[in-house]
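The values are calculated or read from the model by the stated rules, or taken from the named source; none is laboratory data. This one's a predicted model, so the numbers in the text were calculated from it and none came from an experiment. All Cβ positions, glycine included, derive from the backbone under ideal geometry; neighbour counts span all protein chains shown.
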Amino acid sequence: MVRNSKEHRRDPHYKSAKQEGYRARSAFKLLEIQKRFNIFKRAFYILDLGCAPGSWLQVARKFSEENIEKYNDQYYHRDHYKIMGVDIKKTTLIEKIKLVQEDFTKPKFIDELNAFFPEKLDLILSDASINKSGNKFSDQIRQINLCLKIIDLTKKNLKINGSLVIKVFQGTDFNNFFKKVKQEFKYLKSYKPKSSKKTSNEIYLIGLQKI
Ligand SMILES: C[S@@+](CC[C@H](N)C(=O)[O-])C[C@H]1O[C@@H](n2cnc3c(N)ncnc32)[C@H](O)[C@@H]1O
């Protein structure tokens, strides 16, 4: 966490985000994940959980738009893309993206999700994070509980062979969580992007080829 605005402004990723028009420095974490795992390959139907202020949505839109031209072949492709972002907080409008202001763990959101996407998703992104209390032990447990709900949603809504990116906190429950998610994917990797602060215990799990 950046502690004050002066520290924030000195952060090189914050500066680059500003220069490149991204709403948050988190964009670089997703760009690093993409470079390493190519999660956006043939991704046309995408859901971003915990999307505010919207930098992952900006990245997702860029790759989805490229995919329309890039994968116009006999293999799986679409002539359009659909992206939905959901957050409890308000996200400022982003053109061509469906924004929902809801708690994504509530049934009301699932109804909206099903109404928007006619088919299952190619990619689920989750940078969702609990409100940290400062107690690393209880925060990690609360984050894992949130992630378990995201895994339930993933089981129901991600297509076979689809991909998942999910933010977890390292700690005592991490290994059990990893084993649980591993059952759902052919490949599961943990990855800490360079742009993620070393002082943060956040780490991302990348699930490839849902079973
Ligand atoms: C680190 S921010 C996401 C930043 C975003 N990836 C970006 O690049 O702009 C985490 C977000 O998760 C959201 N969040 C956490 N739990 C949520 C829930 N149950 N439903 C909806 N949003 C949630 C928070 O409100 C917060 O805005």
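Scanning segment 111-150 for residues that are over 15 Å from the mean Cα position of the chain (by Cα) and closer than 24 Å to Y76 by Cβ gives L113, N114, A115, F116, F117, P118, E119, K120. Based on what the data block shows, is K41 under 20 Å from N157 (Cβ atoms), at pLDDT 95 or above and surrounded by fewer than 22 Cβ atoms within 10 Å (Cβ to Cβ)? Criteria met by K41. Evaluating K149 against the criteria (1) surrounded by 13 or more Cβ atoms within 10 Å (Cβ to Cβ); (2) closer than 23 Å to F44 by Cα leaves one unmet condition, (2). Given the condition among the aliphatic types (A, V, I, L, M) and at pLDDT 95 or above, answer yes or no: does some residue in segment 12-24 qualify? Within segment 12-24, one or more residues are among the aliphatic types (A, V, I, L, M) and at pLDDT 95 or above. Residue pairs whose Cβ atoms lie under 6 Å apart, sitting 6 or more positions apart in sequence or on different chains, and linking a residue in segment 104-132 that is under 15 Å from Y81 (Cα atoms) and among the β-branched types (V, I, T) to a partner that is modelled with pLDDT of 95 or more and outside any strand (DSSP E or B), are I124/T154.
Please indicate, with yes or no, whether at least one residue in segment 65-82 is buried (at least 22 other Cβ atoms within 10 Å of the Cβ) and either closer than 24 Å to Y187 by Cβ or at pLDDT 95 or above (or both). No, segment 65-82 contains no residue that is buried (at least 22 other Cβ atoms within 10 Å of the Cβ) and either closer than 24 Å to Y187 by Cβ or at pLDDT 95 or above (or both). Answer yes or no: is there a residue in segment 106-118 that is modelled with pLDDT of 95 or more and in contact with a Leu (Cβ under 6 Å, 6 or more places away or on another chain). The answer is no; no qualifying residue exists. Selection within segment 8-19: residues that are more than 13 Å from the ligand (Cβ to nearest atom) and part of a helix (DSSP H, G or I). The member of this set that is surrounded by the fewest Cβ atoms within 10 Å (Cβ to Cβ) is Q19. The residue that is nearest to the ligand (Cβ to nearest atom), counting only those in segment 42-72 that are aliphatic (A, V, I, L, M) and not in a helix (DSSP H, G or I), is A52.
Does segment 170-187 contain any residue that is touching a residue at least 60 places away in the same chain (Cβ under 8 Å) and under 22 Å from F117 (Cα atoms)? For segment 170-187, residues touching a residue at least 60 places away in the same chain (Cβ under 8 Å) and under 22 Å from F117 (Cα atoms): absent. Scanning segment 83-100 for residues that are acidic (D, E) and within 8 Å of A52 (Cβ to Cβ) turns up just one, D87. Just to be sure before I move on: is K15 more than 26 Å from Q143 (Cα to Cα), touching a strand residue (DSSP E or B) at 6+ places or on another chain (Cβ under 9 Å) and without any contact (Cβ under 8 Å) to a residue 40 or more places away in the chain in the structure I sent? Taking the combined requirement at face value, the residue does not satisfy it.
Suppose we filter K210, K182, K189 for residues that are more than 30 Å from D111 (Cα to Cα) and touching a strand residue (DSSP E or B) at 6+ places or on another chain (Cβ under 9 Å); which single one remains? Step by step, each of K210, K182, K189 is checked, and only K189 is more than 30 Å from D111 (Cα to Cα) and touching a strand residue (DSSP E or B) at 6+ places or on another chain (Cβ under 9 Å).
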